[in-house]
Amino acid sequence: MDFIRWKDDYSVQVKEIDEQHKKLISLINRLADAMKVGKGRDVLETVLAEMVDYTVYHFEMEEKLFQQHGYPDYEKHKQIHTAFAGKAQELKSAFDAGNTKISVDVMLILSNWLNNHILEEDKRYGPYLNSKGVR
């Protein structure tokens, strides 16, 4: 059973963004499944690499849409993205330096991002982008 299941509450009503958010849920579930059976460290390297990649392509895509359509909270949202991308890179660097006991930290950060950022910050831009014809 998945730790987190996609639900309509997560949708920002922009198909490409929703698909990318589903990828984040998949990362969370992969790590949760591994942790349940004591194998969190075994998948952590892959999950961290994918998390860092995710922050690059997902944030760039969102920010490009914001710029194209004049989203008024672009700068604030970009600052939040920059902070999270930095945290993701810090975790990956810690793992690369030998700290393999950060599975719980990674899980908490990803889960909090999903529940705080997506359900609060991202939900704000959905109606704005929809009003500009982005679906």
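The values are calculated or read from the model by the stated rules, or taken from the named source; none is laboratory data. These numbers come from a predicted model, not from an experiment. Note: areas computed on protein heavy atoms with side chains; ligands, DNA, RNA excluded. Shrake-Rupley method; radii C 1.70, N 1.55, O 1.52, S 1.80 Å.
Values for this structure:
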read-out: Residue match in segment 66-73 (condition: at positive phi and part of a loop (DSSP other than H, G, I, E, B)); value: yes
read-out: Check on K76, at negative phi, over 12 Å from the mean Cα position of the chain (by Cα), of a type in the set (K, R) and at pLDDT 95 or above; value: yes
read-out: Positions within segment 1-53 being open to solvent by 40 Å² or more (accessible area, probe 1.4 Å), farther than 22 Å from H117 by Cα and not polar (S, T, N, Q), in sequence order; value: M1, D33, M35, K36, V37, G38, K39, R41, D42, E45
read-out: Test set (1) charged (D, E, K, R); (2) open to solvent by less than 70 Å² (accessible area, probe 1.4 Å); (3) within 13 Å of the chain's Cα centre (by Cα) - E63 fails condition number; value: (3)
